[in-house]
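A short write-up of the structure that comes next.
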Amino acid sequence: ARSEAYKVSLAAGDYNNRFALGILKSTTGAGVVYDDGPLFSAYNSGQQVRATVGAIDGKEGIITIFDLGGRPVFGRKVFEAGLYNLDVNLKQGVYLVNYSTGTRKATIKLAIGL
């Protein structure tokens, strides 16, 4: 599907609550699946995020947790596939957990404390 550009001319000033971020389940579901199994999955348990890294491309991968404003609130490099318990101690809210390794990426939406 082709997306059309949206343009609007506005005078200088503040426009509070003008934009909203829509997160679709299809883009932030259970991770990206490859022929050799899931690349990455994660869920939260209390103040921990439990992540499963399915593959490393190259030497390392990076797990980054973002708030919905796009700000990174946690990051960790990983060097091998396996299970990781991440002590994140985050405020209640919705977060995006991103895993990237080489050219492969997966993003998962997590509701913490909700």
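The values are calculated or read from the model by the stated rules, or taken from the named source; none is laboratory data. Predicted, not measured: the structure shown is a model, and the values here were computed from it. A quick note on method: Cβ atoms are made from the backbone with ideal geometry, for glycine too, and the neighbour counts reach across all protein chains shown. Calculation scope for accessible area: heavy atoms of the full protein, side chains included, ligands and nucleic acids excluded. Shrake-Rupley method; radii C 1.70, N 1.55, O 1.52, S 1.80 Å.
In region 29-48, the qualifying residues are those that are open to solvent by less than 50 Å² (accessible area, probe 1.4 Å) and farther than 18 Å from LEU86 by Cβ, and the one that is modelled with the lowest pLDDT is GLY29. Listed by first and then second residue, the pairs linking a residue in region 92-104 that is at positive phi and assigned to a strand (DSSP E or B) to a residue that is of a type in the set (S, T, N, Q) and open to solvent by less than 30 Å² (accessible area, probe 1.4 Å), with Cβ atoms under 7 Å apart and 6 or more places separating them unless they lie on different chains, form an empty list.
Residue-by-condition table, conditions (1) surrounded by 11 or more Cβ atoms within 10 Å (Cβ to Cβ); (2) touching an Asp or Glu at 6+ places or on another chain (Cβ under 9 Å); (3) not in a strand (DSSP E or B):
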{"site": "ARG50", "(1), (2), (3)": "yes, no, no"}
{"site": "ALA55", "(1), (2), (3)": "yes, yes, yes"}
{"site": "GLY69", "(1), (2), (3)": "no, no, yes"}
{"site": "ASN85", "(1), (2), (3)": "no, no, no"}
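For region 91-106, a residue qualifies if it is open to solvent by less than 100 Å² (accessible area, probe 1.4 Å) and in contact with a Gly (Cβ under 8 Å, 6 or more places away or on another chain), and the qualifying residues are GLY93, TYR99, SER100, THR101, GLY102, ALA106.
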